[in-house]
Amino acid sequence: MRPVYFDHAATTPVDPRVLEAMLPYFGERYGNPSELHLQGRVARRAVEEGRAEVAALLGADDGEIVFTSGGTEADGLALLGALAGFDPPGRVIVSAVEHDAVGEAARALGRLGWAVDVVPVDGDGVVDVDAFAAALRPDTRLASVMLANNVVGTLQPVAELARLARERGVLFHTDAVQAVGAVPVDVAELGVHLLSLSGHKFYGPKGIGALYVRRGTRLQARIHGGGHERGLRSGTENVPGIVGLGVAARIARSEAAARRPGLEALRDRLVDGALSALPGVRLLGHPRLRLPGNACLAVRGVESEALVVRLDDAGVMAAGGPACASGASRPSPVFLAMGVGDDEARGGLRLSLGRESTSADVERFLRVFPAVVRDLRGSSGADPRA
Ligand code: PLP
């Protein structure tokens, strides 16, 4: 039996149509897009077509898309590139539940003399809008709040936060790595200056992403060289990656909305089944304002790592709460920021469904999950009725 893959928040499989479109660019179409000859022009055309597809997915102009090596680089370019022009350093706002790609970039800014204000979230993981508004000070230059959280899947009120920031003349960046391809993302509706995305989170390849840079937004390069990407990101373009990202964007634009209700129904069936199968299991994150494929559970009386290993043995691939903190066995900072108690945070389990998930996958998980948890609770001496 094929193992069940419930870790789409970590990465998605490459869509076969994406792979097929990329292959010629590893073969006969090997040109460098900077060259004027035939091979170069073929590559340039492919890069620009990819750019147009990414722009169309976001409702942006082609000239507002900068290709990067992925979400991490896009986040770093946004924060460090946008603030490089300010002297003396001022203040920057981030939420308490950002991915490390933003959190560590903010810490790096801190080492450069910037004051970093961390805005709290409520028990569902939603950023406190009043606290955000209060954190906007006269010397605040940039705020960064993610569109969708990678652990609990909570969607943030980015349009509202960006409006508050704009009213105060503050740049607004959103890490939309988990949101793009999963929920509609339109840069005009969001009103953001900067937005990061990553190919491998929506059925594209790894190692390619993009930063949307609203026209007129001042940004300094972090990688210097031949002046590629309008001088914002030097280095010969990842042509196959860009082609793949473009096709993934096109597929997302034409198919994601239609797939969403089915994905949500599967996710809801999984959550209902898991919660009714056992006591001491709770859904983390906002009950409605969440990514369609995300089910993040707190399972009392077990350790996430053991749960993930035992589920894997039973043919179900899932992630522990700290999945995105490099597998460290400390509870996710996201759980701590949400005020999730230690006993629940230790048993965090992230199940993220995707395009190829089926109801048979969900039923299989629901068959193995109660037995695995009961067994682990028994062996840890925890009260199985916890
Ligand atoms: N931001 C978020 C919210 C993510 O979930 C991830 C990936 O886990 C990243 C950024 C980093 O993206 P990449 O893996 O493309 O560097």
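The values are calculated or read from the model by the stated rules, or taken from the named source; none is laboratory data. This is a predicted model, so every value here is computed, not measured. Reconstructed Cβ throughout: ideal geometry from the backbone, glycine too, with neighbour counts over all protein chains shown. Just the protein is used for accessible areas: all its heavy atoms, side chains included, with ligands, DNA and RNA removed. Shrake-Rupley method; radii C 1.70, N 1.55, O 1.52, S 1.80 Å.
Structure above, values below:
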item: Theoretical gain in end-to-end length, Arg111 to Ser276 [0.36 nm per residue, Cα-Cα removed]; result: 54.6 nm
item: Tilt relative to the chain, helix 38-58 - C-alpha long axis, 0 to 90 degrees, to 10; result: 50 degrees
item: Angle in degrees between helix 100-111 and the longest Cα principal axis of the chain, rounded to the nearest 10; result: 60 degrees
item: Beta bridges per DSSP with both ends in the chain, % antiparallel, nearest 5; result: 55 percent
item: Whole-number D in µm²/s for the stretch 42-86 (Stokes-Einstein; Kirkwood sum over Cα pairs; 20 °C, 1.002 mPa s); result: 183 µm²/s
item: Contact order normalised by residue count of the chain, Cα under 8 Å, 6+ apart, percent; result: 22 percent
item: Isotropic mean projected area of the C-alpha convex hull, the stretch 1-45 (nm²); result: 5.0 nm²
item: Rounded FRET efficiency, nearest 0.05, which uses the C-beta distance separating Arg230 from Arg166 and R0 of 25 Å; result: 0.60
item: Under the Debye formula (equal points on every Cα, no solvent term), log10 I(q)/I(0) of the chain at q = 0.13 Å⁻¹; result: -1.05
item: Loop sites in the stretch 174-251: chymotrypsin sites (Phe, Trp or Tyr not before Pro), DSSP, at most 10 other Cβ within 10 Å; result: none
item: Simple spin-label estimate for Asp375 and Leu289 in nanometres, 7 Å along Cα-Cβ; result: 4.0 nm
item: In degrees, nearest ten, helix 158-167 long axis to first principal axis of the chain (Cα); result: 40 degrees
item: Added length on full extension, which subtracts the Cα-Cα distance from 0.36 nm per residue, Glu48 to Ser254; result: 72.2 nm
item: Contact order relative to length of the stretch 258-356, as percent, for alpha carbon pairs under 8 angstrom and 6 or more apart; result: 32 percent
item: Local net charge near Glu98, Cβ-Cβ under 10 Å (Lys/Arg +1, Asp/Glu -1); result: -4
item: Cut-off under 5 Å, modelled amide H: who pairs with Ala143 long-range; result: Ile93, Leu171, Phe172, His173
item: Exposed GluC sites (Glu not before Pro) absent: longest stretch of the chain, with sites in DSSP loops and at most 14 other Cβ within 10 Å deemed exposed; result: 36-355
item: Cubic angstrom per residue, convex hull over Cα atoms of the stretch 20-170; result: 148 Å³
item: For the stretch 16-252: accessible area per residue (Å², 1.4 Å); result: 39 Å²
item: Diffusion coefficient, µm² s⁻¹, Stokes-Einstein with Kirkwood Rh over alpha-carbon pairs of the stretch 131-273 at 37 °C and 0.692 mPa s; result: 194 µm²/s
item: Listed residues Ala21, Ala248, Ala162, most fluctuating in the chain (Gaussian network, C-alpha, under 10 Å); result: Ala21
item: Centroid-to-centroid separation of the stretch 185-215 and the stretch 348-364 [C-alpha atoms, Å]; result: 25 Å
item: Cα-based equivalent ellipsoid of the stretch 277-324: semi-axis lengths in Å, sorted from largest, via gyration tensor; result: 19, 14, 10
